[in-house]
Structures are given as C-alpha cells and as structure tokens.
Amino acid sequence: MPADIRYALRLIRKTPAFTASIVLTVAVGIGATTAIFSVVDAVLLQPLPFADPQRLFQVAEKNDKLHLPVFAASVLNFVSWREQIERFDDIGAVGFGSYAMSGAGEPEQFTGFRISPSVMRILGLHPVRGRSFEDGDERPSAAPVAMIGQGLWRRSFGADPAVVGRTVTLNGVPTTIVGIAPPQLAVLTGGGDIWTPLVINIANEQRLNHLITVIGRVKRGITVQQAQTEMDTVAARVRQQYPEIKDWGIHVVPFHDMFVSPQLETGLWVLLAAVGFVLLIACANITNLLLARAAAREQEIAVRTALGASRPRLLRQMLVESLMFAALGGAAGLLFALAAIRAINRALPPKVLPVPEIAIDGAVLAFAAAVTVGAGIVFGVLPAYRAANVDLHDVLKQAGRSGSGGRARVRNALAAAELALATLLLIGAGLLGETVIRLQRVPLGFRPQGLLTFQVAPPAATYSADQAMLLYQRTLAALRGVPGVRAAGISSGVPFGNGAATRTPTTGLSPTAVPPDTAVPIDWRVVSSGYFQTMGMTVVGGRDFDERDDRAAPATVIVSQATAQQFWGRDDPIGRVIRIVAGGRDFTIVGVVTDVRQSALNQESPSMYFSINARSWPTMDVALRTDLPPDTLLTDVRRTVRAIDPDLPIAQVRTMDEWVAASAAQPRLNAMLIGVFAVAALLLAAVGIYGVIAYSVTQRTREIGLRIALGAPRAAVLGLIVREGMSVGAAGIAAGVAAGLMLGRVLATLVFGVDVRDPRTYAAVVIALGLVALAATAIPARRAASVDPMIALRD
C-alpha cells in the first residue's frame, strides 16, 4: 500500500492541471455537503441539550372544533393538570415576559420569560452560578427573584461572580438576582436575558386565557401514547368541573416538534438532497475525467499486465489514486465548509433555526470523512475496473486507436445523469425563487416604507393601568411634535413584530354566517387612535377610535374586512356585536379596516382591534411614520421618551421594512441556497457534457478527417457533433423533468402562490438547460468541423 500511495503522488505531481481540476471539483461538492449537513445535524439529528430529551413533551391545549391542534395553555388548566398527573414526573409552565431593568447603569429593556420553578428540574439543568428557583418562589407573597443569562451577565456586570445576591430594579420592583441561567434555558425559550418565577395568583386568572406553554417529563418507560391517554382522562375530568372549556382538550407533543416545524424540517432535508445532487454531479464529472485518463493509459496498463501485474493489483492502484484525489479535495472542502458555516451564521436571521449557532463538531467531521472516502470510491471504481480489465492483446495490437463504443456510452450516460440532476435542482430553485417573488409582492394591507417602530413597557409597579394610558398619550403627543414625524400610533404588536400576537375564540351575536355559538379564533391587538393612519391602513367602514372609546363607555371594537366577512358575509357589520369567549365580554363594532398580514407573509389573519383607552396591555409597540430615513429619528426619539420618563427604556428599535424582511427569511434562505447549488450543478453539468463531446471529437479525429476528405461538408460534420451532444442533453433534461414532476409534492409545503408543476418554470428550465447544452456542444463541434483532413489522416 505505501508503494501505491507513493506512485499515486508521483502521478499527481506530474499532472498538476488535471489534479487541480479534480481536487477543486471534489472540494466544492464535499464543502457544500458538509456545510449543509452541519445545519441538518445541529437541528434535526443532535439530541436536544436537556437530560433524557426523549422523555420531554409539550402538554398543549387543542380545540378540534376550531381546528387548533396545538395551542397555548391557561394557567388555571395548568394548575388542574398538575394536581392530577401520575405518568409525569412533573410539569412546568413558561410565559413571555418583558423587563425594564434599572439600578445597573442606563435603564434597558430586556426580553425574558416567566417560568415555573419546576422547569429547571424537568429539563435537568443547573445554574452556572447561584441557585435556581424554588417552589415557594411562585407564590404571590414570595420575595421577587430573577436569573439572568450569561450574555447579560457579561455585558452589564462584567461577568462578576458577586452579581449573585445583588438587587436590581425590574419593572420598578427591587429584585434579587439568585442565579446565572445556563445557556440551554435560552434554547427552550428561544432566547431571552432574564427569567423570573411564574407567579400564580388563581384569583386573577381566567380558565380560557391561553398564555403559557406547558412542558413535562414522563416517568421512565412511559410512551407518548400512554402519556396522551392519561392526559385525555385528565382533560375529561377538568371539562366536567368547568363546562366553559367543553371544547378544549390536551395534546401531548414530542419536544422535538416544539422547536422544528414541518416546513423547516422539509426545507433542511431538501437542501441536503440538493447539495447531495451537486456532489453526485461532481462525482460523475470526475468519473468521466478518470475514464478519459484510463483510456489514455491503456498502453501503460497493458505493459504492466504483460510484465506480470495482476488485475487486483491494478485495481488497488487505481482506487488508491482516486482516494488520494478525494482526500486532497476533502481537505480543501473542509476549509470551504468552515467558511460557508461562518457565512451562514452571520447571514442567518434570528430565530429561523432553533439553535443559536452552527458549528463543526465530531459528528460533522466523521460525516465529511465518510463522504470523502465514499466519493473517492464512487468516482474511482468504474475507471479502475475499466483500466484493470483491459484486453492485453487488443490494446497492444491497436497501438493507441480510438476507444470502444462501450466507453463512449458510459461517458454519455454520466453526462446525461449530470444534466438530469441539474434539471431537478433548477426546477426546485425556480419554484422557490418564484415563491420569494410572490411573497414580496403579496399585499400587506399597510405601507412599511417610512415606518420606525420601537417597544415600551411601563412597569406595573410604577404605572397603574390609567397611568400607563396617560403615559402613552403623552408619549404619542410628544413624538408627533418631533421634526420629520408625520404620524404616530401605538399597538400591542406591530405586524411581524415580537409584541402580542394572540388569537382568542370569538363568536358573533345576532344572525351570523357561521353556525350559532360557533367560536372562531381571531387575532387581536390593542391600538391607539391614529394607529391605522400611521400604518397606512384604511378605515373602510365606520370610524377610528376616539375619546368616546374609554373605560366607562360601552365596549367597542374595530374588525378587519376578513373578520366581518367571516361572521356576516356582505352585510354591514357596523353596530353588530361580537363576544370574546374567554370572559364572555361583548364588544360593539364601530369600524372596519383593511386586512393586514400580521404574522406571516403567506397567511391572512382575520383581526380585531381594541382601543387602548379602554383596555391596557403591558408591552406596547410605537410606530412612527416619517418622510426622512427612519434611522435618523432615533436620537430625537430617545431624547423625547427620556424627557417624559428617564427610567423608561425603549427596545427592539427596527424599521418596518426590517420586520417584513425577517418574516421572509426562511423562504429567502431556502431559495438562495438551492439557487447556489443549482448554478453549481449547471456549471458542472455544462463542463461534463463539454468534456464528453470534446473527448469524443479527439478520439474521432481521423474519422472526421476521413469524412471531410471524402467530401462531407463541414456544416454536416458540425451538425453531426451537435446532434450527438444534444441527444445526450435532451435525454438528461427529459429525465430531470420527469423526476421533477414526480417529486414536486416534496416542495408543496415550501412554495407559496405557485404550482409545484408550474409550466412556466419547467419551460424556462428546459430552455435554459437546452441553451447551455448547445453552447457546451458547439465549441467541440466547431473544432471538429475545422479539422484539417491531411493532418488527421497523417496522424
């Protein structure tokens, strides 16, 4: 074996151009495959960073009548479940929180979460420093405590160990920092800097107020079916006790499904398959190169055979050469993968993946090594077999004449396979690219250009509901006076933002288009007067909110056109009444506004809006419309808010264009990566078919010269070679189109607004690939047509 390696290295050094072409081709394939596999491994294959993650589940509420298979839970239902479970070690709850922190420098607003003390035990986690929450911390009378994340610990406290036990002010309340949270806790909550106990005050809760996520750990040996059976029994008991939840049940969801949506999982597997196709195309290209070199080395192989070299010995030598090429390409590909992963981490928008960062670990290195060896065998075995099985007498007798038709058929088949895979990738890239275009053109229902948004959260300990309302009014009035601000409004959640974006079951009173007492989940927001104007929304019926909509007046609501149509069809909804099932409160419709896409570009959201004068919400998003670049207002905005309350921070400062762009991050990333792979595949396929036809022309030089000498027009020779190349191209493209039609349904969950068998996409791909194949064929065809018959015959 060492002798084989030394011989292979000598051959590699003697043919630097040939070696470079193979190594670069392998590097592209191995590097891209390794980079995408690292994402798949981190998201889909690696176990979640919790103790015994296979025993962890989300315990969600469901409502089959409302087509809600997984929904948030209410605090009261959580308390009822906790009292009755037997097959779970414990269950815990997580709720969103927002924290204004003072006492540690400049006041800042942080995102955080309220968690049951049992959550850390369920996950098997321990604080980096200090202690976790104790069961008594969830009582309303308990002293306020908090854990902070390592990022906040480093940024604001310089990683000082003495921060444990220090008191800071959170939302106006002196709070003791009792621990530094482990990074895995942020994986569960999707980020966050501050965690506080989920304080349960049963007197203040409603059983139909779904605000928390419940998680649980089952006992050892308990299956998901057994856990579901127990929770079905628990749900039935709770429904008997509390008839208002008669339509609600419990759905036990594997923990993995909490973090990875079906669309994300499908998208990652599609990307891995796509980059695998690129690697296969690269292997086919290299196989053709090695077949060509094996044909050129037939004399050498024949002489070695005549001198006593056995076929297994020759086969081993050729495979060692291929593996050496693969090893060099794999090493270069690993460097390419490292650069690609760094680029992915930088370009990846927050919360697209459930992991904070992609990295190359031992599993990824093992995968890269396995793929490298596999690729070396794949592209080396056929040339090695061909070379080791040459007919000694025929080769020595032919003395270098052209190769057999069998070899030509193999090379043509490989080139056709390359084009088939490239066709499949281009179809996928075209459909996903069209999806991104459709998403960018979808009507939003508002005008994002010229909008600046930020979030404020007046601490409940400092501001009562009435005081918070006055603060919002003063803040809006002051901001409307800032130079460059045309309009200002406030909402509990701007479209695509991180504010409140909840749905609540709602019924329509008086005759409706839906069956009586049928509840429909409707998105809701709390907004100020002027919000619709600021966002560029249109009040198409009735009126906007004004001073008439206060706490003492009859409760009012403004609904979107989709909401009105869902309940009353084309009838005028003004003056009609809707009822919020949770709490049973009625609201009179005073206005209708245009529909807005609230949370996803590919989903319409029937919505309703409550007046901020009548209903408070702890965290609000301020929207400012300006004719100036929105970022230029930030200094004046901060100064204005600080003048009203120096301790009130602003957070999540973004333009609306940024929010909209983030909402399309995953489909845009899918389209971009598939597009890159498709272009790489197209280039490799073009090189492949060019190489096949060019090699064929070289092998047939004497035949072509003889044709021309016997009077064949050069145009006929040109046509002969072009037809040969295009027949290979047509076969490959046809196979790729057929595969695309069969596999199109795989992309069904990833596309929007376009049929997976869209004829325009398929036609564009066929035309583009046909032109590429023609161009790749035309160059060697022109060379064939220009052959000098005298030189060809003399050779």
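Relative contact order, whole percent, for the range 105-181 stands at 33, derived from Cα pairs under 8 Å and 6 or more residues apart. The relative contact order of the chain comes to 16 percent, based on Cα pairs under 8 Å that sit 6 or more residues apart. Helix-only arithmetic for the chain: the sum of -39500 (n - 2.57) across DSSP H runs with n ≥ 4, divided by the residue total, places the mean residue ellipticity at 222 nm at -17000 deg cm²/dmol. Of the residues 710, 56, 743, the one with the largest accessible area comes first in the ranking 710, 743, 56, computed with a 1.4 Å probe on protein heavy atoms. In the full protein context, the range 328-380 carries 51 Å² of accessible surface per residue, based on a 1.4 Å probe and ignoring ligands, DNA and RNA. For the range 450-580, the relative contact order works out to 25 percent when only alpha carbon pairs closer than 8 Å and six or more residues apart are counted.
On full extension, the segment bounded by residue 24 and residue 342 gains 112.4 nm, given 0.36 nm per residue less the C-alpha separation. Ranking 570, 411, 342, 579 from most to least accessible surface, computed with a 1.4 Å probe over the protein chains only, gives 570, 342, 579, 411.
Put simply, the amide H of residue 541, placed in the peptide plane, has neighbours under 5 Å in 592, leaving out anything fewer than 5 places away on its chain. Here, P(r) means the percent of Cα pairs in each 5 Å bin from 0 to the largest distance; for the range 181-241 it is 3, 11, 15, 18, 18, 19, 12, 3, 0.
Across the options 26, 751, 677, the greatest Cα extent toward the positive end of the charge dipole of the chain (unit charges at beta carbon of Lys, Arg, Asp, Glu) belongs to 26. Computing Rg and the Kirkwood Rh from the Cα coordinates of the range 1-88 gives a ratio, Rg/Rh, of 1.43. Oblate is the label for the range 130-199. Its Cα gyration tensor axes, ordered a ≥ b ≥ c, give a/c of at least 1.5 and b/c at or above a/b.
Spatial offset of the range 319-381 relative to the range 557-586 amounts to 55 Å, using the alpha carbon center of each. Cα centroids of the range 48-79 and the range 610-661: 34 Å apart.
Of the residues 562, 542, 577, the one whose Cα sits farthest towards the positive end of the charge dipole of the range 516-646 is 577 (charges of +1 on Lys and Arg Cβ, -1 on Asp and Glu Cβ, taken about the Cα centre).
Of all complete DSSP H helices in the chain, those with a Cα span along the helix axis of 27 Å or greater and a mean Kyte-Doolittle hydropathy of 1.0 or more are 16-40, 262-296, 362-388, 665-699, 714-743, 759-785. Normalising the Debye intensity of the range 409-553 to I(0), with uniform scatterers on Cα atoms only, and taking log10 at q = 0.13, 0.16 Å⁻¹ returns -0.83, -1.10. Kirkwood radius and radius of gyration were both taken over the C-alpha atoms of the range 60-211, and their ratio Rg/Rh is 0.99. Taking every Cα-Cα distance in the range 685-795 and sorting them into 10 Å bins from zero, the calculated P(r) comes out as 14, 35, 23, 15, 9, 4, 0 percent.
Geometric descriptor of the range 571-717, per residue, is 320 Å³ (volume of the convex hull of the Cα atoms). Rg of the Cα atoms in the range 169-291, relative to 2.2 N^0.38 Å, amounts to 1.75. Assuming a ≥ b ≥ c are the square roots of the Cα gyration tensor eigenvalues, decide whether the chain counts as rounded (a/c under 1.5), prolate (otherwise, with a/b larger than b/c) or oblate. Prolate shape, in that a/c is at least 1.5 and a/b is the bigger ratio.
Can you work out the base-10 log of I(q)/I(0) for the range 545-604 at q = 0.12, 0.28, 0.29 1/Å, using the Debye formula on its C-alpha atoms alone? For the range 545-604, the Cα-only Debye profile gives -0.34, -1.17, -1.20.
Amide H to amide H distances under 5 Å link residue 90 with 217, where only residues 5 or more positions off or on other chains count and H is placed in the peptide plane.
Applying Stokes-Einstein at 37 °C and 0.692 mPa s to the Kirkwood radius of the range 103-169, computed over alpha-carbon pairs, gives a translational diffusion coefficient of 245 µm² s⁻¹. For the chain, a simple Cβ point-charge model (Lys and Arg +1, Asp and Glu -1, everything else neutral) yields a dipole of about 3140 debye relative to the Cα centre.
Give the long-range amide H neighbours of residue 205: residues separated by 5 or more places, or on another chain, with amide H under 5 Å away, using H modelled in the peptide plane at 1.01 Å from N. HN-HN under 5 Å from residue 205: empty list. Taking the inverse of the mean 1/r over every pair of distinct Cα atoms in the range 665-731 gives a Kirkwood hydrodynamic radius of 14.4 Å. Spatial offset of the range 676-752 relative to the range 199-268 amounts to 57 Å, using the alpha carbon center of each. Rounded to a whole number, what % of the accessible area of the range 700-795 do carbon and sulfur atoms account for, probe 1.4 Å? After summing per-atom areas, the C and S share lands at 69 percent.
Of the three principal axes defined by the Cα atoms of the range 607-662, the extents in descending order read 33, 32, 20 Å. Taking the accessible area of the range 226-274, probe 1.4 Å, and keeping the other protein chains in place, the carbon and sulfur fraction comes to 54%. By the equivalent-ellipsoid construction on the alpha carbon gyration tensor, the range 215-256 comes out with semi-axes of 23, 11, 7 Å, ordered largest to smallest. Three semi-axes describe the equivalent ellipsoid of the range 401-476; taken as square roots of 5 times the Cα gyration tensor eigenvalues and ordered largest first, they are 67, 15, 9 Å.
Of the solvent-accessible surface of the range 534-627, computed with a 1.4 Å probe and all protein chains present, 45% belongs to carbon and sulfur.
Inter-label distance, residue 5 to residue 413: 3.4 nm, where each label sits 7 Å from its Cα along the C-beta direction.
Our coupling estimate for the range 603-619, obtained by passing each phi through the Karplus curve with A = 6.51, B = -1.76, C = 1.60 and θ = phi - 60°, is 9, 8, 10, x, 9, 9, 10, 10, 6, 5, 6, 10, 8, 8, 8, x, 10 Hz, Gly and Pro reported as x.
The values are calculated or read from the model by the stated rules, or taken from the named source; none is laboratory data. Quick caveat: nothing in here was measured; it's all calculated off a predicted structure. Because the Cβ atoms are built from the backbone with ideal geometry, glycine has one as well, and the counts that use them run over all protein chains shown. Protein only, heavy atoms only, side chains kept; ligands, DNA and RNA dropped before computing areas. Shrake-Rupley method; radii C 1.70, N 1.55, O 1.52, S 1.80 Å.
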